[in-house]
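The values are calculated or read from the model by the stated rules, or taken from the named source; none is laboratory data. The structure displayed is predicted, hence computed values, not measured ones. Because the Cβ atoms are built from the backbone with ideal geometry, glycine has one as well, and the counts that use them run over all protein chains shown.
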Amino acid sequence: MERNRWYKDMVFYQIWPRSFKDGDGDGMGDLWGVYEKLDHIKSLGCDGIWFSPIYPSPGADCGYDIADYMDIAPEFGGMEAFRKVLDGVHQRGMKLLMDLVVNHTSDEHEWFQKSRQRIEPYTDYYIWRPAKPGGKLPNNWDSNFEGKAWTYDEVRGEYYLHLFAIKQPDLNMDNPLVREEVKKILRFWLDMGVDGFREDVITYISKAEGLPDDHLFPIYKGMPKYNHGPHIHEYLAEFKRDVLDHYDCFTLAEAPLVWPKQALKYIDEEHGQIDMMIQFQCQTADCLFTDYLPTKFSLRRMKKAFSDWQYKLEGKAWNMLYLENHDHPRIVTRYGSEKYQAESAKTLAVSYLFQKGTPFLYQGQEIGMTNWRPESADMYRDVQTIYNYNHSNLKKPLQVRLEKMWRSSRDGARSPVQWDSSPNAGFTTGTPWFYVNQNYPEINIEKQNADPDSVLNFYRKAIALRKSLPVVKEGIYKEHFHSHPKQYIYSREMPGQKLLIVCAFSEKTQKMKLPKGFDLSSAQCILHNYSSTDSLTLQPYECRVYLW
Ligand code: NOJ
């Protein structure tokens, strides 16, 4: 039976709960706050919400270190608040995605506590290894967050693998009992009524047999031996066959270091095991592999990433479209311009919202929030940032180190959502758990709600247009003038309807050329961020969408 792939018609909104909205005044965002703001999300035209983790967790990685998969953290309001939000979401005709984090758990999870004591059946729930002869680590893998990927556990007398923080031990997915636990978790939330999952670093769950060393040269670290392992498709197919296929749900896989050809093995609509994939190429137009190796922004790199995924998935799989999430600094600061904050926020919106796929917005993106800038390094909270700051560029002057961190840190996008111009940006009546970006009196939701030309109202228009035009869902994507360093021009075409999307990426004015076959005299400019759209001169960060 052909599946009803409802996610293709949707636009999702990602909530990173601690910084979204505090409902009980304790300084931390929570589900009561989310409940209050559901109509804001709906008003954008979004019809789905993805929650970053809201389970009980010691918070070593802001919730991506889960201590109990079948509960909601009390600080977020517990199950009572969750059910209220879930009902509120469904009453508004929206869907809700949970974050499924099963590459690792918290070291405070009961499974780990029992595993380190070799209590059955938990003994092999994690990846334990003795030291190699000479007291060497089991292999040379680096963790993504905190030095080497192995930490010695005194209780068990062995090393455990953690591809992320020390407090995030990796589960042993090769153990069928662990896979059964994953299925229980999936069923638990699906039975409660959630509509699907965003699957955290899911391509890491199957590690190469024998855990061989990684290549020594950093450039090859891009292909670690724990990504796309030998059983990955088998395990994902098992979850699908045993659980997911029995529900009307969908899955979105986070996949670091994946290119379209490989992605198709996961998301091909005929044979894939999951529905959509979060790829990272669109995040590397101003860095090498990771945000922590910043380079100058290259529009060509951004365009190439977009176009590659558009061309190569066409007719075979469905794209997930995004520019921001909780793992990357704010896009206006990175790919746009703080000087032209509103103009560039709108241009960035247009650069991805009219592509083929399902767009995701990250909280605060709808008003063009910019990177939070700390005054000193001790203001950072993120485990990855703190490690990087303390271990890189040590010989560089303090100012340079701070500047680099500001460009790279995940904390840049984790400051509270700027709701209004009251104290703490209206995020909390208490003391916020994290710093509020000082530009909140100028950039906030209340102010932008009242301004028809705001970034917020522009997002609303763009999303409404995307939903009203069949060509956005169906049309063929084509990029024009792909080597142009300052313009991104693409079209979408289907019989009877055609769009041309023009985005200028420069603080200077520039001339625009038209691709062949696009005669503006018969077109209507349906969306723009400057009032005059007649001339072929583009203003700083101008964008236009033409319809035929
Ligand atoms: C990816 C998540 O998006 C990130 O926030 C988290 O730190 C890592 N996976 C580890 O779970």
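Return the total of residues in segment 160-172 being within 13 Å of the ligand (Cβ to nearest atom) and outside any loop (DSSP other than H, G, I, E, B).
Residues in segment 160-172 being within 13 Å of the ligand (Cβ to nearest atom) and outside any loop (DSSP other than H, G, I, E, B): 2 in total.
GLU366 - would you say it is touching a Leu at 6+ places or on another chain (Cβ under 9 Å) and at pLDDT below 95? So that I can check it myself, show each step before the final result.
Details: touching a Leu at 6+ places or on another chain (Cβ under 9 Å): yes; at pLDDT below 95: no.
Against the criterion (touching a Leu at 6+ places or on another chain (Cβ under 9 Å) and at pLDDT below 95), GLU366 does not qualify.
Taking the options GLY93, GLY88, name whichever one is in contact with a Lys or Arg (Cβ under 9 Å, 6 or more places away or on another chain), small (Gly, Ala, Ser) and more than 16 Å from the ligand (Cβ to nearest atom).
So the residue among GLY93, GLY88 that is in contact with a Lys or Arg (Cβ under 9 Å, 6 or more places away or on another chain), small (Gly, Ala, Ser) and more than 16 Å from the ligand (Cβ to nearest atom) is GLY93.
Give me the pairs, please: first residue somewhere in segment 174-201 and farther than 20 Å from VAL89 by Cβ and modelled with pLDDT under 95, second residue anywhere and within 16 Å of the ligand (Cβ to nearest atom) and assigned to a loop (DSSP other than H, G, I, E, B), beta-carbon distance under 7 Å, and either six or more positions apart or on two chains.
none
From the list SER106, SER115, exactly one residue is crowded, with 22+ Cβ neighbours inside 10 Å and within 16 Å of the ligand (Cβ to nearest atom). Which is it?
Among SER106, SER115, only SER106 is crowded, with 22+ Cβ neighbours inside 10 Å and within 16 Å of the ligand (Cβ to nearest atom).
Yes or no: LYS303 under 19 Å from ALA263 (Cβ atoms), among the charged types (D, E, K, R) and surrounded by 24 or more Cβ atoms within 10 Å (Cβ to Cβ)? Talk me through it step by step, then tell me what you get.
Working: under 19 Å from ALA263 (Cβ atoms): yes; among the charged types (D, E, K, R): yes; surrounded by 24 or more Cβ atoms within 10 Å (Cβ to Cβ): yes.
The answer is yes for LYS303.
Need the failing condition index for ASP99 against (1) in contact (Cβ under 8 Å) with a residue 60 or more places away in the chain; (2) on the phi > 0 side of the Ramachandran plot, just the number.
Exception for ASP99: condition (2).
Conditions tested, residue by residue: (1) assigned to a helix (DSSP H, G or I); (2) without any contact (Cβ under 8 Å) to a residue 60 or more places away in the chain.
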site: ASP39; (1), (2): yes, yes
site: SER57; (1), (2): no, yes
site: ALA81; (1), (2): yes, yes
site: GLY88; (1), (2): yes, yes
site: GLY93; (1), (2): no, yes
site: TRP111; (1), (2): yes, no
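Filter segment 28-59 down to residues that are over 20 Å from GLU324 (Cα atoms) and either modelled with pLDDT under 95 or touching a Ser or Thr at 6+ places or on another chain (Cβ under 7 Å) (or both) and give me whichever is surrounded by the most Cβ atoms within 10 Å (Cβ to Cβ).
Looking at residues that are over 20 Å from GLU324 (Cα atoms) and either modelled with pLDDT under 95 or touching a Ser or Thr at 6+ places or on another chain (Cβ under 7 Å) (or both), I get SER57.
Look through segment 146-159, keep the residues that are under 31 Å from the mean Cα position of the chain (by Cα) and in contact (Cβ under 8 Å) with a residue 40 or more places away in the chain, and return whichever of them is farthest from the ligand (Cβ to nearest atom).
GLY147
Does any residue in segment 124-145 that is within 16 Å of the ligand (Cβ to nearest atom) and assigned to a strand (DSSP E or B) come within less than 7 Å, Cβ to Cβ, of a residue that is at pLDDT 95 or above and not acidic (Asp, Glu) six or more places away or on a different chain, and which pairs are these?
From segment 124-145, the pairs are TYR126/PHE112; TYR126/SER115; TYR126/TYR160; TYR126/PRO169; TYR126/LEU171; TYR126/ASN172; ASP142/LYS148; ASP142/ALA149.
Could you tell me whether ASP65 is surrounded by 24 or more Cβ atoms within 10 Å (Cβ to Cβ) and either in a helix (DSSP H, G or I) or of a type in the set (Asp, Glu) (or both)? Give the derivation first.
Numbers: surrounded by 24 or more Cβ atoms within 10 Å (Cβ to Cβ): yes; either in a helix (DSSP H, G or I) or of a type in the set (Asp, Glu) (or both): yes.
Yes.
Can you pull out every residue in segment 404-429 that is in contact with a helix residue (DSSP H, G or I) (Cβ under 8 Å, 6 or more places away or on another chain), of a type outside the set (Val, Ile, Thr) and away from the ligand (no atom under 16 Å from the Cβ)?
The answer is MET405, TRP406, ARG407, PRO416, GLN418, TRP419, ASP420, SER421, GLY426, PHE427.
Can you pull out every residue in segment 248-300 that is more than 20 Å from the chain's Cα centre (by Cα) and among the small types (Gly, Ala, Ser)?
GLY272, SER298
Consider segment 534-547. How many of its residues are assigned to a loop (DSSP other than H, G, I, E, B) and surrounded by fewer than 17 Cβ atoms within 10 Å (Cβ to Cβ)? Show your work before the answer.
At the first step, the residues of segment 534-547 found to be assigned to a loop (DSSP other than H, G, I, E, B) are 534-536, 539-542.
Then keep just the ones that are surrounded by fewer than 17 Cβ atoms within 10 Å (Cβ to Cβ); that gives 534-536.
Count: 3.
Can you tell me which of PRO256, PRO294 is surrounded by 15 or more Cβ atoms within 10 Å (Cβ to Cβ), more than 22 Å from MET98 (Cα to Cα) and in contact (Cβ under 8 Å) with a residue 12 or more places away in the chain?
Just one listed residue meets the conditions, PRO294.
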